[in-house]
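Notes follow once the structure below has been shown.
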Amino acid sequence: MTPSQTPPGTRARVRGHQLAIPSVLMRGGTSRGPFFARADLPDDDGTLARVLTAALGSPHPLQIDGLGGGHPLTSKAGIVGPSTESGADLDFRFAQLRPDDDSVDMDANCGNLLAAVVPFAVETGMIVPTADTTTVRVRTLNTGAVAEISVRTPGGGGARSVDYAGETRIDGAPGTSSPVTIGFLDTAGSIAGSLLPTGRPRDTVEVTGTGPVEVTCIDNGQPLVIVAATALGATGRESPAELTADPALRSRVEALRLACGTLMGLGDVTDRNYPKMTLISPPRHGGTVATRSFIPRVAHESIGVLAAVTAATACVLPGTVAHAMAAPTATGQAEATLSIEHPSGAFDVRLGWEPGDPARITRSALVRTARALMAGDLYVPLGLWNPSTKETNR
């Protein structure tokens, strides 16, 4: 793998009566969104947010005037550039948008879109492969977490490129693809500051109209509130559509989320996409535990990558809500593969921990897939940003 020499300045240009910004539309895992080179976007976060909302078409329930798909899983964007710190090759900044408002959350993270970072970098020449497998260290700017990501880059008699064809299948995405292997190096306390931000594996939270609810507040890459589905009046077997269509349940979930945000030291999370809510129930298909996730107010069709890692971590920690419900893992070992069931199937997570101390997670690994869907210029209205204020290539 050879990092290329990225030219300075932005390639964004006024074209006619619109602003054209180079972009590649990528699928990463079970998510989708446009990817941009860092140099092609505004440096100012306020201007950047306006450009991204215009690019995705928010706010509008169908995002009809942009590339968003009318759902949180397709209302995302990725920004990639050469890393500014030693120990990493690329920096990745994730942006979560929503169809129903103009918010842009750049404090959260997304393990699914993370799977598309290296393919995007190869597609755009940011990374030049030199072997059949390209392994790149990627730092997520939102949280500081670093991951080693490997993709297949065969030569085939010409220049090496990402091979998207393969037999790897992930639940929640159609067909099969080439594997993208992600090994997380240090994700504990990614946003909340520690693996167990309350200092306890289990807390009791008083929810208005519901009463006391036992929860586990945990962050191993994604801040989660894990709660038994039955504690909120659900079974854990509902479809995402049924969960989203139940306003009373959603109200209870949101009330609990707000209370736990404060408990986890995250402050007022009303306008945040975290902590994510994970309702659990006993496994039904031979897995470790069954999950139903909210992101944060709409039920997820599957489960996020880092949410799966965090839920799996809770399953091996004695005293948590998940540990009490999960199918047992073999005792006396320091690693295990846990199958996290979700509405679209299951998600396998390989965890390793210090012998005798599962609270000290040493590694987590999983496999996703990704694909470049379209490349070209993404148009946004003039007036959102003047690229001439940034050095340009001429």
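Points worth noting:
- Over all Cα atoms in region 89-162, the spread is summed up by Rg and Dmax: 14.4, 48 Å.
- Distance from the Cα centroid of region 137-169 to that of region 22-43 is 15 Å (rounded to whole angstrom).
- Solvent-accessible area per residue in the chain equals 40 Å², computed with a 1.4 angstrom probe and all protein chains kept.
- Among the protein heavy atoms of the chain, carbon and sulfur supply 50% of the accessible surface, probe 1.4 Å, non-protein parts ignored.
- A simple count of charges around Tyr164, restricted to other residues whose Cβ falls under 11 Å of its Cβ and scoring Lys, Arg +1 and Asp, Glu -1, yields +1.
- Using a cutoff of 8 angstrom between alpha carbon atoms and counting only pairs six or more residues apart, the relative contact order for the chain works out to 19 percent.
- Tilt relative to the chain, helix 247-263 - C-alpha long axis, 0 to 90 degrees, to 10: 80
- Mean ellipticity per residue at 222 nm, deg cm²/dmol - from DSSP H runs of n ≥ 4 across the chain, formula -39500 (n - 2.57): -4500 deg cm²/dmol
- DSSP finds beta bridges in region 186-345, and of those with both partners inside it, around 70 percent are antiparallel.
- For the set Ser75, Ser388, Ser190, the ranking by accessible area, highest first and with no ligand, DNA or RNA atoms included, is Ser388, Ser190, Ser75 under a 1.4 Å probe.
- Restricting the calculation to Cα atoms, the chain yields a radius of gyration followed by a Dmax of 20.8, 66 Å.
- Among the GluC sites (Glu not before Pro) found in region 75-150, those both in a DSSP coil and sparsely packed, with 12 or fewer other Cβ atoms within 10 Å of their Cβ, are Glu85.
- Largest to smallest accessible area among His342, His323, His71 [probe 1.4 Å]: His323, His71, His342
- Accessible area (Å², 1.4 Å probe, nearest 10) - Ser58: 20
- Max mean-square fluctuation residue, GNM over the chain, Cα-Cα springs under 10 Å, options Pro282, Pro179, Pro318: Pro318
- Charge sum, other residues only, whose C-beta stays under 11 Å from Leu185's C-beta, Lys/Arg counted +1 and Asp/Glu -1: +1
- When the Cα gyration tensor is reduced to axis lengths a ≥ b ≥ c, the ratio a/c is 1.5 or higher for region 172-297, and with a/b not above b/c it is classed as oblate.
- If both residues of a DSSP beta bridge must be in the chain, then about 85% of such bridges are antiparallel.
- Length-normalised contact order for region 150-250 - Cα pairs under 8 Å, 6+ apart - percent: 16
- Relative contact order of region 178-220: 39 percent, from C-alpha pairs under 8 Å at least 6 residues apart in sequence.
- Shown for region 272-325 is the translational diffusion coefficient from the Stokes-Einstein equation, using the Kirkwood radius over Cα pairs, a temperature of 10 °C and a viscosity of 1.306 mPa s: 138 µm²/s.
- Within a Gaussian network of the chain (alpha carbon springs, distance under 10 Å), most fluctuating of Ser251, Ser178, Ser344: Ser251
- Local electrostatic count at Thr153 - Lys and Arg +1, Asp and Glu -1, tallied over other residues with Cβ under 9 Å: 0
- Highest GNM mean-square fluctuation among Arg363, Arg98, Arg257, for the chain modelled with Cα contacts below 10 Å: Arg363.
- Neighbour cut-off at most 12 other Cβ (10 Å), DSSP loop, GluC sites (Glu not before Pro), region 151-217: Glu167
The values are calculated or read from the model by the stated rules, or taken from the named source; none is laboratory data. Because the structure is a prediction, the values reported are computed rather than measured. Cβ atoms come from the backbone with ideal geometry, glycine included; neighbour counts cover every protein chain shown. To get the accessible areas, we keep the full protein, side chains included, count just its heavy atoms, and leave off ligands, DNA and RNA. Shrake-Rupley method; radii C 1.70, N 1.55, O 1.52, S 1.80 Å.
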